Amino acid sequence: MKFGIIVFPGSNCDRDVAMVTRDLLQQPTRMIWHEENDLSDLDVVIVPGGFSYGDYLRCGAIAQFSPAMQATLHHAEQGKLVLGICNGFQVLTEAGLLPGALMRNRDLHFVCDRVSLRVERNDLPWMQRYQKGQIITLPVAHGEGCYYAEPETLAELEANHQVLFRYCDRDGKITSMGNPNGSLNNIAGICNRQGNVIGMMPHPERASDPLLGSTDGIYLFEGLLQSLAAIS
């Protein structure tokens, strides 16, 4: 499986993701400069965290127009896999690949912490290594991570089981105290209706190396590889 990681001016988590896919998991990985428009050699496109184009206008607003993101739209339309992390999630919503928007955090403060998440489903390739209802811990680092959607869109997300992760307390209860940014329905990660495009605010790549004290994040990537192995 070949991974591609988009690099925008302002990306700062691209090498962290490559450390997981290329070094820990030994998978072919190439960095995609934002001006590239041919992603035909890739199986998975990852839009990493950071501050694409300096977050001018609003987070992800400029990145959506880059040649690499236009090619990512085509990649997703073919049913291929896309993952957006933090700023990448913001870019995916701006590009229309995922519904809703990411707004300023509830308390208008940048949040940098480790948070508890409840896994809401595990039937997608990325989610194979998790158990439904499992509580995991991942880092967050964002100022605009409050997930918002209109009531009709929110109802569709819930009805179609498109919510993958929710912020929770350590016991798995969905509470306002366990919600670091005010996201509606405590949403931390979602997928599109087809399940091939995923966006999440927490950083799985920062909890993948045992040297960092946690491996809850690497299961996201391992699940994808496990799913591929089962098919081949």
> Could you say whether any residue in the stretch 121-135 is in contact (Cβ under 8 Å) with a residue 24 or more places away in the chain and within 17 Å of Gly178 (Cβ to Cβ)?
Replying inline: yes
>> So the check is Cβ under 6 Å with 6+ separation or different chains; which pairs have a first residue in the stretch 103-118 that's closer than 16 Å to Asn185 by Cβ and free of Cβ contacts under 8 Å to residues at least 60 places away in the same chain and a second one that's surrounded by fewer than 18 Cβ atoms within 10 Å (Cβ to Cβ) and among the hydrophobic types (A, V, I, L, M, F, W, C)?
In response: Arg118/Ile135
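Taking Val91, is it β-branched (Val, Ile, Thr), in contact with a helix residue (DSSP H, G or I) (Cβ under 6 Å, 6 or more places away or on another chain) and under 26 Å from Thr137 (Cβ atoms)? Show your work before the answer.
Values: β-branched (Val, Ile, Thr): yes; in contact with a helix residue (DSSP H, G or I) (Cβ under 6 Å, 6 or more places away or on another chain): yes; under 26 Å from Thr137 (Cβ atoms): yes.
Considered against the rule, which asks whether it is β-branched (Val, Ile, Thr), in contact with a helix residue (DSSP H, G or I) (Cβ under 6 Å, 6 or more places away or on another chain) and under 26 Å from Thr137 (Cβ atoms), Val91 comes out as yes.
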>> So for the stretch 46-65 (the condition being under 20 Å from Gln194 (Cβ atoms) and either touching a Lys or Arg at 6+ places or on another chain (Cβ under 9 Å) or hydrophobic (A, V, I, L, M, F, W, C) (or both)), does at least one residue qualify?
In response: yes
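Out of curiosity, is Ala61 in contact (Cβ under 8 Å) with a residue 12 or more places away in the chain, over 19 Å from Met200 (Cβ atoms), among the small types (Gly, Ala, Ser) and touching a helix residue (DSSP H, G or I) at 6+ places or on another chain (Cβ under 6 Å)?
On the way: in contact (Cβ under 8 Å) with a residue 12 or more places away in the chain: yes; over 19 Å from Met200 (Cβ atoms): yes; among the small types (Gly, Ala, Ser): yes; touching a helix residue (DSSP H, G or I) at 6+ places or on another chain (Cβ under 6 Å): yes.
For Ala61, the condition - in contact (Cβ under 8 Å) with a residue 12 or more places away in the chain, over 19 Å from Met200 (Cβ atoms), among the small types (Gly, Ala, Ser) and touching a helix residue (DSSP H, G or I) at 6+ places or on another chain (Cβ under 6 Å) - is met.
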>> Which of the strands (runs of 3 or more DSSP E) found entirely inside the stretch 46-147 contain at least 2 residues meeting this: in contact with a Cys (Cβ under 8 Å, 6 or more places away or on another chain), within 30 Å of Asp169 (Cβ to Cβ) and modelled with pLDDT of 95 or more?
In response: 101-103, 111-119, 135-142
> Right, Gly182: at pLDDT below 95, surrounded by fewer than 22 Cβ atoms within 10 Å (Cβ to Cβ) and on the phi > 0 side of the Ramachandran plot or not?
Replying inline: no
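When the residues of the stretch 203-232 are filtered to those that are not hydroxyl-bearing (Ser, Thr, Tyr) and not in a helix (DSSP H, G or I), which remaining residue is surrounded by the fewest Cβ atoms within 10 Å (Cβ to Cβ)?
Filtering the stretch 203-232 down to residues not hydroxyl-bearing (Ser, Thr, Tyr) leaves 203-207, 209-213, 216-218, 220-226, 228-231.
Filter again for not in a helix (DSSP H, G or I), leaving 203, 209, 213, 216-217.
Working: His203: 22, Asp209: 17, Gly213: 9, Asp216: 19, Gly217: 23.
Per the criteria, the residue is Gly213.
The values are calculated or read from the model by the stated rules, or taken from the named source; none is laboratory data. Quantities reported herein were computed from a predicted structural model and do not represent experimental measurements. All Cβ positions, even for glycine, are placed from backbone atoms using ideal geometry, and neighbour counts span all protein chains on display.
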